[in-house]
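Some notes on the structure that comes next.
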Amino acid sequence: MKKVLVLDFGGQYNLLVARRVRECGVYCEIKPYTMSMDDIRAFDPAAIIFTGGPATVFEPNAPALDNAIFELGLPILGICYGCQLIAHELGGEVMHAETREYGKSEITYRKNILFEGVDERNICWMSHTDYVGKVPDNFEITATTPTCPAAGFADDKRKIYGIQFHTEVHHTKQGDRILHNFLYNICGAKGDWTCLLYTSPSPRDISGS
């Protein structure tokens, strides 16, 4: 069974990210971004998701990662802060916007495996102040909005993807399809995990009679 590691950077939607992964029939666990590389290797994930978070990569003590994580050969999806962190760590450029962007935004998707089956012109949900102004070498821009020149970017060869918007919220149209594409088309998930819902026992069950 393939399992996904969700590294938590303190964002408001992080639990929802994990929920959406599980709803796709894929097992995942949320761990703090401070998880060591030894522990990550021991967890043996099939893919890693970097969540959003309130920090900015410009801060002296901003949440960061060991760059060795990019050498594991695993599919990686960075969401919001996770997206900016990928750009920052791999040689791109993160810029500070004058005003925070929060709410629905028009987005245009370019042809990419991550957006297969998704309408080219669409709506996404943004919640950020910083944005990626320049993507790292060997990455291509895969999505744009009127105020965000790199709302999505990808290195298909290394299977590393960044999205500035929140695919896990329902405000992003077809966001579930995007996450499904990452899990199934990129990570090779099989949908072989289900959550057994707990059902409260009846009084008869409790009494044993």
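Hand me the trypsin sites (Lys or Arg not before Pro) from segment 132-164 located in a DSSP loop with no more than 12 other Cβ atoms within 10 Å, in residue order please.
Those satisfying the criteria are K157.
Determine how many Å³ per residue the convex hull of the Cα atoms of segment 126-196 encloses.
Per residue, the Cα convex hull of segment 126-196 comes to 111 Å³.
Taking amide H positions as placed 1.01 Å from N in the peptide plane, with prolines and chain starts having none, which residues 5 or more places from V94, or on another chain, fall under 5 Å of its amide H?
Counting only residues 5 or more places away or on other chains, the set is G133.
Of all the accessible heavy-atom surface of the chain, with the other protein chains kept in place and a 1.4 Å probe, what percent is carbon and sulfur?
Summing carbon and sulfur atoms, their accessible area is 49 percent of the total for the chain.
State in Å² the accessible area per residue of the chain; use a 1.4 Å probe, count heavy atoms of protein chains only, and round to the nearest integer.
Averaged over the residues of the chain, the accessible area is 51 Å².
Let's see if you can work this out: charge +1 on each Lys and Arg Cβ, -1 on each Asp and Glu Cβ, no other charges. What is the dipole magnitude of the chain about its Cα centre, in debye to the nearest 20?
Around 640 debye, computed over the chain.
Report, largest value first, the span of the C-alpha coordinates of segment 26-87 along each principal axis, in whole Å.
Per principal axis, max minus min of the Cα coordinates gives 31, 23, 19 Å.
With Rg and the Kirkwood Rh both taken from Cα atoms, where does Rg over Rh land for the chain?
Across the chain, the Cα-based Rg/Rh ratio is 1.02.
By how many degrees, 0 to 90 and rounded to 10, does the Cα axis of helix 14-23 deviate from the longest principal axis of the chain?
60 degrees
The values are calculated or read from the model by the stated rules, or taken from the named source; none is laboratory data. No experiment lies behind these values; they were computed from the predicted model shown. Methodologically, a virtual Cβ is constructed for each residue, glycine included, from the backbone with ideal geometry; neighbour enumeration extends over all protein chains shown. Accessible surface is based on the protein model in full, side chains and every heavy atom, while ligands, DNA and RNA are left aside. Shrake-Rupley method; radii C 1.70, N 1.55, O 1.52, S 1.80 Å.
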